[in-house]
């Protein structure tokens, strides 16, 4: 019986993506949990009691229990909604698939001896770095706006300074003219007083002359 021709074996199917959170999904869950805890921490008992001063004064134990129940339920609701969204949109599966794709790409580059720069996985970045990465376009846009406004303000300030300097020069010119007028008036007053004194002296002499007669 002739041997059957050898067939190329079919490629093995890709391993199923695990439902357990991988690095990216774990990082996402951690960031969400930290954000919830930080938000609830801001809702301290003192802040809560400030909204109910009468109850805080007369029934502080009951108000404390209400605060603990409120913050606990609020955190539970947020986490339940987060888990529902994660499940509905298969976030863990998608992020695990992304982890697998990144891992395969890295292995392929290592096998090929690629000298390219391996990108930093986003899940390894700190929350501050990710936050700044999202804020950077917004900050750059508003920095440009502020620079434009600053340039316009500086131009207006220069124009205002030039106007003030012009007004100051006008005031100085006016004051110099006024001082000149005052000097002229003082000189005229002195001349008038001299003439009056001379006239008064003539009158005195005439009176004396009349008395001698």
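Worth pointing out:
- At an R0 of 41 angstrom, the distance between the Cβ atoms of residue 132 and residue 112 translates into a FRET efficiency of 0.80.
- Mean shadow area of the range 16-114 over all directions, Cα convex hull, nm²: 8.7 nm²
- Note: the range 124-178, Cα convex hull, 67 Å³ per residue.
- In the range 37-88 the Cα-Cα distances spread across 10 Å bins starting at 0 as 24, 42, 22, 10, 2 percent of all pairs.
- One Cα centroid belongs to the range 73-96, the other to the range 153-170; the line between them spans 62 Å.
- The calculated FRET efficiency for the pair residue 84 and residue 41, based on their C-beta separation and a Förster distance of 35 Å, comes to about 0.90.
Only the coordinates and a few stated rules stand behind these numbers; no lab work does. These numbers were taken from a predicted model, which means no experiment stands behind them. Please note: Cβ atoms are built from the backbone with ideal geometry, for glycine as well, and neighbour counts cover all protein chains shown.
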